[in-house]
Amino acid sequence: MPDLDTIVRDIAEEMRARPDRGEVARYIPELAGVDPQAFGLVVIDGDGRAAVGGDADIPFSIQSISKVFTLTLALGMVGDRLWRRVGREPSGSPFNSIVQLERENGIPRNPFINAGAIAVTDVILSGHQPREALGEILRFMQFLAQDNGIAIDEKVAASEKRTGFRNAALANYMRSFGVIENPVDYTLGVYFHHCAIAMSCRQLATAGLYLAYSGLHPLAGHTVISAERARRINAIMLTCGHYDGSGDFAYRVGLPGKSGVGGGILAVAPGKASICVWSPGLDAAGNSHLGRIALEMLVKRTGWSIFGV
Ligand code: GLN
């Protein structure tokens, strides 16, 4: 097998040259202007060795990738009681779907669809002011990425707040069942802001290391969560991390992964590496088109699929 640096560099070069780039998300106006030609790939192992290709250090909107970290925080705060407010089954529906909420008493299917992530944000918010809850999330990201420069892109947050009618509908609907406990505006405000955190592939791959190493963040030298909890979060990433594209992602890539409409994907190769890829063009399910293809190549060349070589 060629060394990892060569594999990552080759994939980045190949991806940059491809004409099929998918469509940049337009429903959040501020994201519509992102350059579809951007491409970054970073693989970091437990010793902090990074293999990088393309735009490894350009910050982008992490969007739904933030849901992995809010899930981690919420589990740390309330433990398994979280599962009274949100399920852990794949939804088979688009990320912003509302239909299942009516049948299931306002309990979202899983923490990674929008409804589920809004419910998780509401759990983090309870007992705090929105500013405190947001500060806690941001500090957690800075700690995991080992970088205090990470910030929220206020323009993206404001853009989503102005146009996020569907998320407002989801939140109000859940509030009618008592699944959301705080004022809907507060919960949505925190949700839009944590989705608007800007990070680079290198920062996100660093932040994901605790999931690849059984809850222990090797660079921070800290146990972030128990091994059991890390394993379970990985399981939910595998089954739900790509919405109604989760089955296909497992089939093609075979790693726990979480996508965001900013075009990023965080993927975890347990015991081997934490990986982040960024290409802003999306497929029909709202997942990075070339991001998925790049990960498929990486897994083929490294043999890292959790399902075997
Ligand atoms: N903030 C986005 C939204 O709520 C997140 C969606 C995503 O990344 N899939 O619509």
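Throughout, read-outs are computed from the coordinates displayed, never taken from laboratory work. On a predicted model such as this, the values are computed, not experimentally measured, just so you know. Glycine gets a Cβ as well: all are built from the backbone with ideal geometry, and neighbour counts include every protein chain shown.
Give the separation of the Cα centroids, region 231-272 to region 26-67, in Å.
15
Compute the signed sum of charges (Lys and Arg +1, Asp and Glu -1) over the other residues within less than 12 Å, Cβ to Cβ, of Tyr213.
With Lys, Arg at +1 and Asp, Glu at -1, the net is 0.
Averaged across orientations, what area in nm² does the convex hull of the alpha carbons in the chain project?
Mean orientational projected area (the chain, Cα hull): 13.8 nm².
Which are the unpartnered cysteines of the chain, meaning those with no other cysteine Cβ under 4.7 Å from their Cβ?
Result for the chain is Cys195, Cys240, no neighbouring Cys Cβ within the cutoff.
Cα-Cα pairs above 16 Å in region 98-190: how many percent?
Beyond 16 Å sits 57 percent of the P(r) for region 98-190.
Leaving out same-chain residues fewer than 8 places away, which aspartates and glutamates sit with a Cα under 17 Å from that of Lys161?
Glu30, Asp122, Asp153, Asp185
In nm, give the distance between the simple-model label positions of Glu102 and Asp80, each being 7 Å from the Cα along the Cα-to-Cβ direction.
Each label point lies 7 Å from its Cα, and together they span 3.4 nm.
At a temperature of 10 °C and a viscosity of 1.306 mPa s, determine how fast region 176-309 diffuses translationally according to Stokes-Einstein, using the Kirkwood radius over alpha-carbon pairs as Rh; express D in µm²/s, rounded to the nearest whole number. Kindly include the intermediate steps, with their values, before the conclusion.
Working: Rh = 15.7 Å.
The diffusion coefficient I find is 101 µm²/s.
What's the Cα-based Rg to Rh of region 1-126, Rh via Kirkwood? Spell out each step's value before the answer.
Working: Rg = 18.6 Å, Rh = 17.5 Å.
My calculation puts Rg/Rh at 1.06.
Ordered by residue, what ³J(HN,Hα) values in Hz, to whole numbers, does region 287-293 give under the Karplus form 6.51 cos²θ - 1.76 cosθ + 1.60, where θ = phi - 60° and Gly and Pro are x?
Karplus-based 3J(HN,Hα) across region 287-293 equals 10, 4, 5, 6, x, 5, 5 Hz.
Can you divide the C-alpha Rg of region 52-156 by 2.2 N^0.38 Å and report the result to two decimal places?
1.18
Within a Cβ distance under 11 Å of Thr163, other residues only, what is the Lys/Arg minus Asp/Glu net charge?
Values: positive: Arg26, Lys161, Arg162, Arg166; negative: Glu30, Glu160.
Net local charge, Thr163 excluded: +2.
With axes computed from alpha carbons, what is the tilt in degrees of helix 130-145 against the longest principal axis of the chain, rounded to the nearest 10 within 0 to 90?
So the inclination is approximately 20 degrees.
Under 23 Å Cα to Cα from Lys300, which lysines show up? Leave out anything in the same chain fewer than 8 places away.
Correct list for Lys300: Lys258, Lys272.
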